[in-house]
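Engineer: Before we start, here is the structure in question, set down as structure tokens.
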Amino acid sequence: MKEHKILFQFVIITLLFALIGCSNSDKNQTDEKVSQKNYKNINLTILIDLSDRISEGLNPGQANSDIKLINNVLEIFKKYLAEKGVVYSEDKIKVIYYPEVDSDTMNSIIDSLNIDFAKLSFVERKNVYNTLIQNFNKNLNKLYDKASRMSEYPGSDLFNYFKHRLVDDCIIDDSSYLNVLLILTDGYIYHENAKYQIGNRFSYLAPKSAHIQIFRNRPDWEDIFNKQDYGLINTGVDLSNLYIIAAQFNPISSSPKDFDILKKYWSRWFEEQKVNHRNYKILRNDNPKLNSAIIEKFFQTILEN
């Protein structure tokens, strides 16, 4: 009887060790799968159009709407960093406007919104992560307030920025990075230093531009656009390694159809600069919750690729 009891105990102990071994094996396999997940670094650039579109008189609440949208992107950014592990982050994020203005205050604010996690210690990464949105909100409010109080709005030379600076500023030629550009603009492009025309190609899109007005009352406008080769001038730069969200497009109230026209111009421009049609989104100045859902899905798609 005693021998049977000892045998029974031996069997139970053997089974327990076997179960523990299986459990540890499963855990090790799970840990290995997690460690093998290919986490990219995000190189995020936020390009803000500081033209009169941010005027409280012309567009009440636009600055607040911009900041809310940036917050949505930052929440996605933080969520990804938390999943990857903040201490392992070599991600980058910066806010820019172009051209620069002669304002030490505005340039100082911009400097505070240029963050490179790779240059921070592990402790600093955690602190920056914890205060990221608070820091951005405080300084973005200062930036918009300062820009709106200048004697003239700084404006935005988007065409020359794309032509001369975007590749160097926004694209890291490294497969471990995802280059993402968030553009906040009403969709109209105009600057006194960028007004060129080559045939039916232009460097600008203003509400009163003839090459926008001719399409407003034509049901066949897209056919004319395509057949007569309308568009923005191709800068010749290669943006194939860039993901773009162009948000806050805001057609003038007298011509809501302008959103479709602007979208056509910008889409052709992106694709002629080698941005894959799946790698960009153009969003109108709309319900923040709707845009937030679209942006989150866009990030989810590119982060899973």
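Engineer: With every protein chain in place, what's the accessible area of R268 (1.4 Å probe, Å², nearest 10)?
Structural biologist: Counting only protein heavy atoms, the figure is 50 Å².
Engineer: Under a 1.4 angstrom probe, counting protein chains only, how are F259, F215 ranked by accessible area, largest first?
Structural biologist: F259, F215
Engineer: Averaged over all directions, how much area does the convex hull of the C-alpha atoms of the chain cover when projected, in nm²?
Structural biologist: The number I arrive at for the chain is 22.5 nm².
Engineer: State the antiparallel share, in %, of DSSP beta bridges confined to the chain, rounding to the nearest 5.
Structural biologist: Restricted to the chain, the bridges split so that about 25 percent are antiparallel.
Engineer: If you don't mind, there's one more thing I want to ask. Is the shape of the stretch 229-297 best called rounded, prolate or oblate, per the rule: a/c under 1.5 gives rounded, else a/b larger than b/c gives prolate, else oblate, with a ≥ b ≥ c the square roots of the Cα gyration tensor eigenvalues?
Structural biologist: In terms of gyration-tensor shape, oblate.
Engineer: Could you give the dipole magnitude of the chain about its Cα centre, charging the beta-carbon of Lys and Arg +1 and that of Asp and Glu -1, in debye to the nearest 20?
Structural biologist: 800 debye
Engineer: Related question: Would you mind putting 247-257, 150-160 in packing order, based on average other-beta-carbon counts within 10 Å, highest first?
Structural biologist: Top of the packing list down: 150-160, 247-257.
Engineer: Explain nothing, just the number: dipole magnitude of the stretch 170-245 about its Cα centre with +1 on each Lys and Arg Cβ and -1 on each Asp and Glu Cβ, in debye rounded to the nearest 20.
Structural biologist: That gives a dipole near 420 debye.
Engineer: Now a separate question. Rounding to the nearest 20 debye, state how big the charge dipole of the stretch 188-229 is about its Cα centre with +1 on each Lys and Arg Cβ and -1 on each Asp and Glu Cβ.
Structural biologist: The dipole of the stretch 188-229 has a size of about 140 debye.
Engineer: What value, in deg cm²/dmol to 500, does the helix sum -39500 (n - 2.57) over DSSP H runs of n ≥ 4 give at 222 nm once divided by the residues of the chain?
Structural biologist: -16500 deg cm²/dmol
Engineer: How large is ³J(HN,Hα), in whole Hz, for each residue of the stretch 44-53 in order, when computed from phi with the Karplus curve 6.51 cos²θ - 1.76 cosθ + 1.60 and θ = phi - 60°, using x for Gly and Pro?
Structural biologist: 3J(HN,Hα) across the stretch 44-53, in whole Hz: 9, 10, 10, 9, 9, 7, 9, 7, 5, 5.
Engineer: State the extension gain, in nm to one decimal, for the chain segment bounded by Q213 and E56, taking 0.36 nm per residue of separation less the distance between their alpha-carbons.
Structural biologist: 53.9 nm
Engineer: With an 8 Å Cα cut-off and a minimum separation of 6 or more residues, compute the relative contact order for the chain in percent.
Structural biologist: Contact order relative to length: 19 percent.
Engineer: Provide K126, K195 ordered by accessible surface of protein heavy atoms (probe 1.4 Å), highest first.
Structural biologist: K195, K126
Engineer: Carbon-plus-sulfur fraction of the accessible area of the chain, 1.4 Å probe, in percent?
Structural biologist: The nonpolar share, carbon plus sulfur, comes to 50 percent.
The values are calculated or read from the model by the stated rules, or taken from the named source; none is laboratory data. Remember, predicted model here, so these are calculated numbers, not experimental data. Quick reminder, even Gly has a Cβ in these numbers, built from the backbone with ideal geometry, and neighbours come from all protein chains shown. With ligands, DNA and RNA removed, areas are computed over all heavy atoms of the protein, side chains included. Shrake-Rupley method; radii C 1.70, N 1.55, O 1.52, S 1.80 Å.
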